[in-house]
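Here's the structure we're looking at; comments come further down.
The values are calculated or read from the model by the stated rules, or taken from the named source; none is laboratory data. Given the structure is predicted, the values throughout are model-derived calculations rather than measurements. Neighbour counts are summed over all protein chains in view; Cβ atoms, including those assigned to glycine, are modelled from backbone coordinates with ideal geometry.
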Amino acid sequence: MKQLKTATDIVSLCVIGLLTGQASALSLTLIDGSVGAVAAGNTLTAAVQAPASGINVDGSSIIYQGTAIQGQTQAATYTGFSLAPSSGSTPTLNLGDGIFLTSGSANIPFTNTTNSFSNALLQPGSGSNLLLTTLSGFNTNDANALSFNFTVDPGVTSVSANFIFGTDEFPTQSVTDIFGFFVDGVNYAKFSSGELISNTPGNPTNFISNPVGGGLYSIEYNGLTKAFNVVGILDSGLPTHTLTIGVADTSDSIYDSGVFIGGLKAGTATGGGGIGTTPDGGTTLVLLGGALAGIAGLRRRLA
Ligand SMILES: [Ca+2]
Ligand SMILES: [Ca+2]
Ligand SMILES: [Ca+2]
């Protein structure tokens, strides 16, 4: 079993940041499974929101699905997400503070050590997630999900957050993990092509390759998305709304993926919702709309 992130690890990353000219360094505060689902859910709910988010969470409704074993850590809060490429023209990946949900371990190395970073949990507290299973069309395992109910002030029509998804399934694996951002039960996390946020065989161009030995980004995942803003539209007919953010393995339990997500806040967007590449704006929002709602059903596997 991997140990919790040590001070030495964090110091090491800070050194890397200085060497690469980064102004800040990614720091994870791991959530040990033994703290219990209530404490984990409360911590993550607080950390995922932007200051003065405009989202009034019903604290009694918070549900955290994740590992419940001492010494194992499936989720974390993070600060200082700024990953600059060591070479080439790929973008520096910047993201505001938030939470880190994974289909395995949140205790990830701050370098790419292997093509198969893999943690199968299969234990109490984790397992399948119905929303993610329905979205992917495959059974899900090692789900790591945060759900809660909330209300908003009059005039608020949407909620948004910023995220980066990473996976060690890129580019070789065909049984691929999934990330969902469900507002009132509808997933709004899809690439502009309509593909789900998943290393499906059909969407390799949506990921930045971070190969072992390449040293491009100081993180374990072999593939990373750019920073995206996701906007979900509230169901105006509901007095109380529901948000679920989650990741999971599909079909198997191996090869980790994770989502860094934060800056959750209320907004006034209308239309179809979706994702755009402006982390804190929405001015480049890609409106997906209902026309693409059936794309999920087109997802296929090679094996
Ligand atoms: Ca797993
Ligand atoms: Ca890796
Ligand atoms: Ca996996």
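Tabulated data
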{"quantity": "Filter pass, Ser193 being more than 15 Å from ligand 1 (Cβ to nearest atom), outside any strand (DSSP E or B), over 14 Å from Val259 (Cα atoms) and among the polar types (S, T, N, Q)", "calculated": "yes"}
{"quantity": "Criterion (surrounded by 14 or more Cβ atoms within 10 Å (Cβ to Cβ) and either farther than 20 Å from Ile261 by Cα or within 16 Å of ligand 3 (Cβ to nearest atom) (or both)) met by exactly one of Gln74, Gln70", "calculated": "Gln74"}
{"quantity": "Hits in the range 248-258 (condition: within 16 Å of ligand 2 (Cβ to nearest atom), in a strand (DSSP E or B) and closer than 15 Å to Phe100 by Cβ)", "calculated": "Ser257, Gly258"}
{"quantity": "The listed residue being under 24 Å from Ala50 (Cβ atoms) and either surrounded by fewer than 23 Cβ atoms within 10 Å (Cβ to Cβ) or within 16 Å of ligand 1 (Cβ to nearest atom) (or both), out of Val259, Val231", "calculated": "Val259"}
{"quantity": "Any hit, the range 55-65, residues being polar (S, T, N, Q) and buried (at least 19 other Cβ atoms within 10 Å of the Cβ)", "calculated": "yes"}
{"quantity": "Hey, Leu101 aliphatic (A, V, I, L, M), within 16 Å of ligand 3 (Cβ to nearest atom) and outside any loop (DSSP other than H, G, I, E, B) or not", "calculated": "yes"}
{"quantity": "Residue identified as more than 16 Å from ligand 2 (Cβ to nearest atom) and farther than 16 Å from Ile219 by Cα among Ser82, Ser126, Ser87", "calculated": "Ser126"}
{"quantity": "Members of the range 59-111 that are out of contact with any Pro (no Cβ under 8 Å at 6 or more places or on another chain), farther than 18 Å from Ala47 by Cβ and not polar (S, T, N, Q)", "calculated": "Gly71, Leu83, Ala84, Gly88, Leu93, Gly104, Pro109, Phe110"}
{"quantity": "Members of the range 69-113 that are of a type in the set (Phe, Trp, Tyr) and touching an Asp or Glu at 6+ places or on another chain (Cβ under 9 Å)", "calculated": "Tyr78, Phe81, Phe110"}
{"quantity": "Test result for Phe81, more than 16 Å from ligand 1 (Cβ to nearest atom), at pLDDT 95 or above and surrounded by 17 or more Cβ atoms within 10 Å (Cβ to Cβ)", "calculated": "yes"}
{"quantity": "Any pair with Cβ under 6 angstrom, 6 or more apart, that starts in the range 238-266 at a residue that is without any contact (Cβ under 8 Å) to a residue 24 or more places away in the chain and ends at one that is within 16 Å of ligand 2 (Cβ to nearest atom) and outside any loop (DSSP other than H, G, I, E, B)", "calculated": "none"}
{"quantity": "Which listed residue, of Phe138, Phe117, is within 16 Å of ligand 1 (Cβ to nearest atom), closer than 20 Å to Thr250 by Cβ, assigned to a loop (DSSP other than H, G, I, E, B) and out of contact with any strand residue (DSSP E or B) (no Cβ under 8 Å at 6 or more places or on another chain)", "calculated": "Phe117"}
{"quantity": "Residues of the range 28-70 satisfying the condition of being over 16 Å from the mean Cα position of the chain (by Cα), assigned to a strand (DSSP E or B) and polar (S, T, N, Q)", "calculated": "Asn56"}
{"quantity": "Qualifying residues in the range 182-222 (those that are surrounded by fewer than 19 Cβ atoms within 10 Å (Cβ to Cβ) and among the polar types (S, T, N, Q)) - the one nearest to Phe110 (Cα to Cα)", "calculated": "Ser209"}
{"quantity": "Odd one out for Leu216 among (1) modelled with pLDDT of 90 or more; (2) among the aliphatic types (A, V, I, L, M); (3) more than 28 Å from Ala25 (Cβ to Cβ)", "calculated": "(3)"}
{"quantity": "Any hit, the range 221-231, residues being part of a loop (DSSP other than H, G, I, E, B), in contact with an Asp or Glu (Cβ under 7 Å, 6 or more places away or on another chain) and of a type in the set (D, E, K, R)", "calculated": "no"}
{"quantity": "Single residue of Phe148, Phe179 found to be within 12 Å of ligand 3 (Cβ to nearest atom), part of a strand (DSSP E or B) and crowded, with 23+ Cβ neighbours inside 10 Å", "calculated": "Phe179"}
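For every residue, the table says whether it meets (1) buried (at least 22 other Cβ atoms within 10 Å of the Cβ); (2) modelled with pLDDT of 95 or more; (3) not hydroxyl-bearing (Ser, Thr, Tyr).
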site: Leu238; (1), (2), (3): no, yes, yes
site: Thr242; (1), (2), (3): no, yes, no
site: Gly246; (1), (2), (3): yes, yes, yes
site: Ile254; (1), (2), (3): no, no, yes
